[in-house]
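Enquirer: The structure's right below; bear with me while I get my questions together.
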Amino acid sequence: MAESTCIRVAQLGERAQDWRLKLLVEYTGGRSMAELIIGACAATGLVLLIRLARTRTLSVTWWQWGLTFLGLLYAVFVLEVVVSFLREGTPKGAAVMGTILGFVAVVWAVVLGRTVFSGRAGERVDRIRPGEGGSHV
């Protein structure tokens, strides 16, 4: 396999510096270290959320886990969009799309954190109706 790759690179007739890059891209299938880091962070985040739910003994339902998983997938999507824009050489596009899509991801994360993983998600909130009195300390 390595021999055929070297033959293909030699047939391209590229400069001596470029053949290493071509070999690396062909060997890794075009993926960079950014995808590995993004995937590792996403997997670590999911494991940490599961541990948080277990240590706080939160009762998280299946649909809340589904929304959490979709939010994590959306965050990975946003990061991949930014990386692909940067790889194409358009940093302004990466900044614009990262800001727009990233804002939605941050809002999604805050809403999930406040509703699902706050520790008060299953508690009933008693409100005092106007005119009933009660002390507010």
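Enquirer: For the residue pair Ile100 and Leu73, what label-to-label distance in nm results when each label sits 7 Å from Cα along the Cα-to-beta-carbon direction?
Expert: 2.2
Enquirer: Continuing with the same structure: R0 = 30 Å: FRET efficiency of Trp65 with Glu88, Cβ-based, nearest 0.05?
Expert: E(calc), rounded to 0.05, equals 0.30.
Each value in this text was obtained by applying a stated rule to the coordinates, not by laboratory testing. Keep in mind that this is a model prediction, so the values were computed, not measured. Using ideal geometry, Cβ is built from the backbone for each residue, glycine included, and neighbour counts are taken over all protein chains shown.
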